[in-house]
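Visitor: Got a structure for you, written out below as structure tokens; questions coming shortly.
The values are calculated or read from the model by the stated rules, or taken from the named source; none is laboratory data. Predicted model, so just to flag it, every value in this text is computed and none were measured. Note that we place each Cβ from the backbone using ideal geometry, even for glycine, and neighbour counts take in every protein chain shown.
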Amino acid sequence: MSDSEPWSPCPPGELSNLQQSLQHDAKRRNRRRFLVAGGAALVATGCFMIIPEPPPEKMTCGEALDLMPSYRAGKIPFASQRKQIEAHLAHCPRCRIAYERTA
């Protein structure tokens, strides 16, 4: 506002809206700082979240066929899942033939 403009009062509610907006922005900044600091602390201490292995279940043909490229490349992360694929290939001739054809 320049010196030549006359002063006028703010419309009703404008200051409270501004205050709420500033408080919201401050909370968001604090959350970001907390998350960044927490992530940095985890990295610095070497503490990483460990992903639990899925429980062993019977695998369907569709699941086995979907996982075959990863299985062949050795990129299945869980030993139990690799065992499920191996067990499925041992008893399912259709999937075993499909696996042998992709070799």
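Results for (1) part of a helix (DSSP H, G or I); (2) at pLDDT below 90; (3) among the aromatic types (F, W, Y), shown as yes or no for each residue.
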position: S16; (1), (2), (3): yes, yes, no
position: S21; (1), (2), (3): yes, yes, no
position: P54; (1), (2), (3): no, yes, no
position: E57; (1), (2), (3): no, yes, no
position: P69; (1), (2), (3): yes, no, no
position: Q81; (1), (2), (3): yes, yes, no
position: L89; (1), (2), (3): yes, no, no
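Visitor: Is it the case that some residue within region 35-43 is assigned to a helix (DSSP H, G or I), surrounded by 10 or more Cβ atoms within 10 Å (Cβ to Cβ) and at pLDDT 90 or above?
Guide: Looking through region 35-43, none of the residues is assigned to a helix (DSSP H, G or I), surrounded by 10 or more Cβ atoms within 10 Å (Cβ to Cβ) and at pLDDT 90 or above.
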